Amino acid sequence: MLSKIVGSAVPVLAALAAFLVGAVMLLVLGASPLDGLKAILDGAFGSGERLAATAVKATPLILVGAGISIAFRARVINIGGEGQIIAGALLATVIALALPDLPSVVLIPLVLMGGAIGGTILGAIPGVLKAYASVNEILSTIMLNLVMVQFMNFLLRGPLIDPLEIAAGTRIPQTQRLSDNAALPTLVEGTRLHLGVVVAVVAAVIAYIVLWRMPLGFRLRAVGHSPEAARAAGINVERNITYALAISGMLGGLAGAILVFGSEGQRMITDGSAAGFTGAAGFNGIVAALFGGLHPLWTIPSAFLFGALLTGATQLQRVLQIPAALAVALNGLVVIFVISSARFRSYIQSIIEKRPSNRASEDLERPYSKIPGVDT
């Protein structure tokens, strides 16, 4: 029990230490840390609309983070969240453009399924390359991010561009306004809170159930714990590595569909970069997953924390005239402190538990040993 308390407390203390460094940065910039904290809290939680904006900002982080947690449990690292978000968004958008007159009760599930399928395909590609050709998944997922950015730019400047942009000669890379029948329903009138938030939370819960309550999850964790032992037990290691990255990509693709159909203006638009559409959710989702101990359920509050930082940054900039990039720097500080605290946490836990050096019989419930900051 004491070991679990320490395991939970150390990352929190590390995050507080990161915020203290952020306070020093504010002092250097000539601003009051207390005023900065107040501005961030007000920007993130100061009203119902701002709280809803925080939840919406956290939504793709929850999905990407839950997907990354699944991949990491199988000892594969998915850095391709940006590309998987784009793949899901593009396929969902094509479905909405092709079937605009379908009723909402049919079209909304279709576009969400399309997003999930698009992400699954892009996640499965590096999975197959890793499993059957020993291609490093970090390199393949990063390179696929770049491929999808250029593919998105090609489609939004060509086949999918709004005809009005061509007629006006402006050629802004965006689709025409998508059917209202595909728009995610608003949950609270007068706010941006939409159905996608609920979908993300439910998906994270399902990811937890898959990992710890279903045979597939057991096989994924067995492969991550020891591929040799898993193979000796009759588990198809290559297939489960592919499954891990495909499922991770599926959740990223679902996030892409939600970004399109939960947004104001109801169209897919970019500035030519991945972040121009995703808002860097593919990378911020990694941060949320690490801070959540690579656990799908803990990724939910972790994503809300980082969503609050991102939405609060706007208020921080407005009130204190501080660059909004300070919040991005604060995200980085949290990651550095949390990961750096992993060794200290392991040392303290080893003293409490008096664990022997031979861990060959360690239960499969233990976390992926190569990823710092992981807890079950």
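Built from the Cα atoms of region 226-295, the convex hull projects on average onto 6.5 nm², one quarter of its surface area.
Our coupling estimate for region 42-52, obtained by passing each phi through the Karplus curve with A = 6.51, B = -1.76, C = 1.60 and θ = phi - 60°, is 5, x, 8, 10, x, 7, x, 5, 6, 5, 5 Hz, Gly and Pro reported as x. Across the chain, C-alpha contacts under 8 Å between residues 6 or more apart give a mean separation that, scaled by the residue count, equals a relative contact order of 33 percent. Go ahead and set up a Gaussian network model of the chain, Cα springs under 10 Å, then flag whichever of Gly115, Gly256, Gly22 fluctuates most. Taking springs between Cα atoms under 10 Å, the residue moving most is Gly22.
For His194, the amide hydrogen comes within under 5 Å of the amide hydrogens of Leu187, counting only partners 5 or more places away or on other chains and with H modelled in the peptide plane. Farthest toward the positive end of the dipole of region 2-353, out of Ala280, Gly292, Leu27, is the Cα of Gly292, where the dipole comes from beta carbon charges about the Cα centre.
Along its three principal directions, the equivalent ellipsoid of the chain from the Cα gyration tensor extends over semi-axes of 34, 29, 17 Å, largest first. Once both labels are positioned 7 Å from their Cα atoms along Cα-to-Cβ, the gap between Ile138 and Asp271 label points is 2.9 nm. Within the chain, the longest segment free of exposed loop sites, counting GluC sites (Glu not before Pro) that fall outside DSSP classes H, G, I, E and B and have at most 11 other Cβ atoms within 10 Å, spans 1-188. Across the options Pro227, Ala14, Gly256, the greatest Cα extent toward the positive end of the charge dipole of the chain (unit charges at beta carbon of Lys, Arg, Asp, Glu) belongs to Pro227.
Just Thr186, Thr59, Thr242 to compare: in a GNM of the chain, with alpha carbon springs under 10 Å, which one fluctuates most? Maximum among the listed residues: Thr186. Annotation: extensible slack from Leu34 through Asn236 equals 67.3 nm (criterion: 0.36 nm per residue apart, minus Cα-Cα distance).
Coordinate-derived values only; no laboratory data. Computed from a predicted model, the values in this text were never measured in an experiment. Note that we place each Cβ from the backbone using ideal geometry, even for glycine, and neighbour counts take in every protein chain shown.
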